[in-house]
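Have a look at the structure below, then the notes.
No lab work stands behind these numbers, since they all come straight from the coordinates. All figures in this text were calculated on a predicted structure; none of them were measured in a lab.
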Amino acid sequence: MSETSHNKKSLTGWIPWTLVFASIVGFADAIFLTVKHFQGTVPPCVLFSGCETVTTSSYAVIAGVPVALLGALFYFSILLLSLAFLDRGAAVFLRFIKFLSVPGFIFTLWLIVLQLFVIRAVCVYCMLSATTSTIIFGLSFFSAHKIRSKVPSSEQVGS
């Protein structure tokens, strides 16, 4: 591993592991909802009472594809890129995460607006996904800024 990639990896410390964790949580959540969709069953609702309303609404599917399946693909991509960064230490993987997180976050905001103002129901699983998507979005920008603001030097290798 080159000194520059080692420095970039050490600059981010906990960030890629948090991205891995958030993407695993998001992926598990989205897979659960996808399975429930294809089984034709409603996930049990905890904390809120709108899971059935949200997951069976016309907004739960786009062109015949469950929104949850799109989420699973998003989270799986973030997971692979995070693991690639941990393995290689190349900042390009963090840049790809940042690139993917923008439409993911915008879509998340749209889904929250739909739940609150159009469907008028809240799904706890959807809000978990919104939380993980927001964490990924925030961390991807934070890590990009952190890498850009630090100038690699031999003094930073061990820190």
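Rounded to whole Hz and in sequence order, give me ³J(HN,Hα) for segment 111-126 from the Karplus expression 6.51 cos²θ - 1.76 cosθ + 1.60, θ = phi - 60°, writing x for Gly and Pro.
5, 5, 4, 4, 4, 6, 10, 9, 6, 6, 8, 10, 10, 4, 5, 5
For V61, list long-range residues whose amide hydrogen, built 1.01 Å from N in the peptide plane, is under 5 Å from its own amide hydrogen.
Residues meeting the criterion, in which the H sits 1.01 Å from N, are V67.
Starting from 0.36 nm per residue, how many nanometres of slack lie between L80 and E52 once their C-alpha separation is accounted for? Can you show the working numbers first?
On the way: separation 28, 0.36 × 28 = 10.08 nm, distance 3.12 nm.
Extra length available between L80 and E52 comes to 7.0 nm.
D for segment 3-149, whole µm²/s, Stokes-Einstein with Kirkwood Rh over alpha-carbon pairs at 4 °C and 1.567 mPa s: what number?
Values: Rh = 15.8 Å.
The Stokes-Einstein estimate is 82 µm²/s.
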